[in-house]
Structure formats: structure tokens, C-alpha cells
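The values are calculated or read from the model by the stated rules, or taken from the named source; none is laboratory data. Keep in mind it's a predicted model, so treat the numbers as computed, not measured. As a convention, Cβ positions derive from the backbone with ideal geometry for all residues, glycine included, and neighbour counts pool all protein chains shown.
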Amino acid sequence: MTDASAERRTVVVTGAGRGLGEAMARRAAADGFRVVVAELNEERGSRTAAAVRDAGGEAEFVPLDVADPASVEALAARVAAAAPVYGLVNNAALANGVGGKEFQDIDVEVWDRLMAVNARGPWLVARHLLPLMSRPGRIVNIASDAALYGSPRLAHYIASKGAVIALTRAMARELGERGITVNAVAPGLTEVEATEAVPAERHALYAANRAISRPQQPDDLVGLVAFLLGEESRYLTGQVIAVNGGFTMH
Ligand SMILES: NC(=O)c1ccc[n+]([C@@H]2O[C@H](COP(=O)([O-])OP(=O)(O)OC[C@H]3O[C@@H](n4cnc5c(N)ncnc54)[C@H](O)[C@@H]3O)[C@@H](O)[C@H]2O)c1
């Protein structure tokens, strides 16, 4: 499906080398956006960009470490050539230690690293891309339903995603009059490479408590992101939408 209004508009997707980010990048390209695959892992990022091009879309890989201010500045300098930037999907994140330590046992270094990537990263990227953004513009922050559910033994990740949700609301208020909407998507536990290491017990928790019990796939999420990037979401901002088969309801 190609959205005529999307043609030639640039959307930056961070962490699009694999998993949900890759699925979102592929969908955005299929919808007619020019996609910047901004990714830490060069091999993954190049692969996604090549896959998008092979499918007839337009994509460029740009190396990015969202935790490194100099790297984020370099991203902005690179995409300035393709400005204005219409959309930003803040997807890159770390989720190490799922179902591992209780909050009192989490190492300070692990906590700080996760915060630098997951919470500070989306802010830094938005901060540097904002001067390049068009009106209308779209920012979609990828949070997690773990922050809504309060998943145990994951406090560092949950705190970082709670920050993403709060940041979404503050940015939405600041950017509303500038024609930029800011929303958060909170995925549930999805079947991707990264979640293969998640303990079976956590998969079972989701299976038992979803309204739709079948496993969640990346394609279950991309339609919502496409809508949030599209024209028809123009009056929707500051919202957190959980896509998790009804695991959480709020
Ligand atoms: N998969 C799930 O079940 C699930 C559930 C809830 C939320 N999420 C969220 O969805 C998003 C994508 O998750 P995923 O499972 O596809 O993850 P993933 O690990 O498969 O992909 C994340 C990508 O981000 C990249 N990345 C990591 N650190 C980076 C950095 N500092 N700078 C730039 N890129 C970096 C990685 O190289 C990787 O390609 C994340 O924000 C995650 O927290 C995922």
C-alpha cells in the first residue's frame, strides 16, 4: 500500500537493523516514505536498508549510537541534506536482563547504560532532529507495556520506558503548536530475535493474560505505527497506545 501523501518524505527509524524497528522501516518504505535506517550495528543497518531497496523502497543506512551525543549530532548532519525530516520513530533500545534480577540487585552500571540508551536516547535524537523537522511532523516513541504492567525483575528497563512515556507527554505539549504530534506505542512481548532469550515463564505469563492469547508478531504493530506516521492521526498526540493483544488495558 502506498500513501500518496507520504511520497518523498523522510522518516528516521532508530534501531531499524532488526526486530520491530526493521518491520517499521519496511512498512514506512512500503507506504512511500524515504527511510533513514539509523542503527548502531552496521551489518544489521546495511541489511535492512538493502532489503528496503530490494523491495522497491528508498532507504539509507546511517550509523548511530543514540547514547552518544556526538553520534546523534552526526546523524543530524547527515540527514540535513534530506531535510525536512517528516517523521522520527525512536525505536532503538536495550532490554538486557529480562526476568533476571530484582530491583535491589541491579548493577548501577547496567542501570545507567540502559537509561542512557532507552531514556536519554529518544530525547537526544528528537532534540537534534527537531530543527530539521517539517510541519506537519510526527514523532513516535517506542515504549513497552512492561512499564504499564509493572513487570517484575526488570526495573531498569521499566523505569527507562516509563521515562519514554513521560517524555512523550511533555514533548507533545511543547510541539503541538508547531504542528508535530508525539505519541508512544507500547508493544507487548513480541516474537523477535531479541526475545528468544526471554525466559519461558514470561512468555507463559503473556499467553495466559492476553485477551488474544496467540503470540505477538512484529506485523501486529506496524499498522499502528503507519497510522501514527500518516495524515489521519493529525489530531492524536500525547497518547500511549499498547499493542499487546489486551495484556494490559487502561
Ligand atoms: N520485542 C519485544 O517484545 C518488545 C516489547 C516491548 C517493547 N519493545 C521495544 O521495541 C523496540 C524494538 O525492540 P526489538 O525487540 O525489536 O529490539 P532488538 O534488540 O531486536 O532491536 C533493537 C535494535 O536497536 C539497535 N540498538 C541498540 N542500541 C542502540 C544504540 N545505542 N543506538 C542505536 N541503535 C541501537 C540494535 O542494534 C538493534 O538492531 C525497543 O524500543 C524495545 O524496547 C520490544
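Among the residues of the stretch 183-202, the ones that are of a type in the set (Val, Ile, Thr) and in contact with an Asp or Glu (Cβ under 8 Å, 6 or more places away or on another chain) come to 1 in all. Contact map, the stretch 55-80: residues that are within 22 Å of residue 160 (Cβ to Cβ) and within 15 Å of the ligand (Cβ to nearest atom) paired with residues that are among the hydrophobic types (A, V, I, L, M, F, W, C) and part of a strand (DSSP E or B), Cβ distance under 7 Å, separation 6+ or inter-chain. Pairs shown: 64/38; 75/38; 75/62. Taking the criterion of being surrounded by fewer than 16 Cβ atoms within 10 Å (Cβ to Cβ), away from the ligand (no atom under 14 Å from the Cβ), more than 20 Å from the chain's Cα centre (by Cα) and at pLDDT 95 or above, would at least one residue in the stretch 145-162 satisfy it? Within the stretch 145-162, not a single residue is surrounded by fewer than 16 Cβ atoms within 10 Å (Cβ to Cβ), away from the ligand (no atom under 14 Å from the Cβ), more than 20 Å from the chain's Cα centre (by Cα) and at pLDDT 95 or above.
Here residue 124 passes the criteria (1) within 28 Å of residue 81 (Cβ to Cβ); (2) aliphatic (A, V, I, L, M); (3) in contact with a Leu (Cβ under 9 Å, 6 or more places away or on another chain) except the one numbered (3). Cβ-Cβ contacts under 6 Å between residues 6 or more apart (or on different chains), taken from a first residue in the stretch 196-210 that is within 15 Å of residue 101 (Cβ to Cβ) to a second residue that is modelled with pLDDT under 90 and surrounded by 15 or more Cβ atoms within 10 Å (Cβ to Cβ), are listed as 198/98; 199/99; 202/99.
Matching residues to (1) assigned to a helix (DSSP H, G or I); (2) within 19 Å of residue 145 (Cβ to Cβ):
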residue: 172; (1), (2): yes, no
residue: 181; (1), (2): no, no
residue: 201; (1), (2): yes, yes
residue: 211; (1), (2): no, yes
